[in-house]
1. Please determine, by comparing only the residues of segment 39-51 that are within 15 Å of residue 9 (Cβ to Cβ) and not aromatic (Phe, Trp, Tyr), which one is surrounded by the fewest Cβ atoms within 10 Å (Cβ to Cβ).
2. Residue 89 is checked against (1) outside any helix (DSSP H, G or I); (2) open to solvent by 70 Å² or more (accessible area, probe 1.4 Å) and fails just one. What number does that condition carry?
3. Hey, among the residues in segment 94-127 that are open to solvent by 100 Å² or more (accessible area, probe 1.4 Å) and either within 16 Å of residue 77 (Cα to Cα) or among the hydrophobic types (A, V, I, L, M, F, W, C) (or both), which one's modelled with the highest pLDDT?
4. Residue 57 - would you say it is within 30 Å of residue 117 (Cβ to Cβ), touching a helix residue (DSSP H, G or I) at 6+ places or on another chain (Cβ under 8 Å) and modelled with pLDDT under 95?
5. Need the failing condition index for residue 58 against (1) part of a helix (DSSP H, G or I); (2) surrounded by fewer than 10 Cβ atoms within 10 Å (Cβ to Cβ), just the number.
6. Restricting attention to segment 13-29, report how many residues are open to solvent by 90 Å² or more (accessible area, probe 1.4 Å), basic (Lys, Arg) and either under 10 Å from residue 43 (Cα atoms) or in a helix (DSSP H, G or I) (or both).
7. Taking segment 61-86 as the region of interest, how many residues are assigned to a loop (DSSP other than H, G, I, E, B) and at negative phi?
Amino acid sequence: MTDAERAARERIRLQAVVRFEGGEKSREVATALRVSERSVERWRRQWRERGQAGVHSKGSPGRPRLSDRQVDRHERELERGPLAHGWADQRWTLARVKTLIGRLFHVTYTVEGTWRLLKRHGWSWQQPARRAIERDDAAVEPWKREAA
């Protein structure tokens, strides 16, 4: 959600507050603002508990939760490889990267969120940074000739 979309949603919640103060029922507010009655009831409860501040946006939940400094450290740890972090092979999977983030920074990402974080910082599963350690060019050569 962009900042503009978030601001637009917050304006709707603030309009609901004005209607709450005017004594309108949840169904009327929902119809007038073209939102669900359930949302209006949630906003009303937040408004009763914390006033107008209760309906203000708390920011996007999708914003990055790692600082630039943490991202730099994370990249250095990824470059060290999975073996250095206790896995038995040299494959970074999204689940492993997610686990590493949790271990290093005590922050929880979903697997999809982990992929987005990696992509945002230029990591790609499609292009390895270097050749696999296990690669044996002499063993691969006969297969190359057969394919040609």
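1. By that ranking, first place goes to 42.
2. Among (1) outside any helix (DSSP H, G or I); (2) open to solvent by 70 Å² or more (accessible area, probe 1.4 Å), the lone unmet condition for residue 89 is (2).
3. 103
4. yes
5. Residue 58 satisfies every listed condition except (1).
6. Final tally of qualifying residues: 1.
7. Residues meeting the conditions: 8.
The values are calculated or read from the model by the stated rules, or taken from the named source; none is laboratory data. Nothing here was measured: the structure is a model prediction, and the numbers come from that model. As a convention, Cβ positions derive from the backbone with ideal geometry for all residues, glycine included, and neighbour counts pool all protein chains shown. Each accessible area value is taken on the protein alone, full model and side chains, heavy atoms only, with ligands, DNA and RNA left out. Shrake-Rupley method; radii C 1.70, N 1.55, O 1.52, S 1.80 Å.
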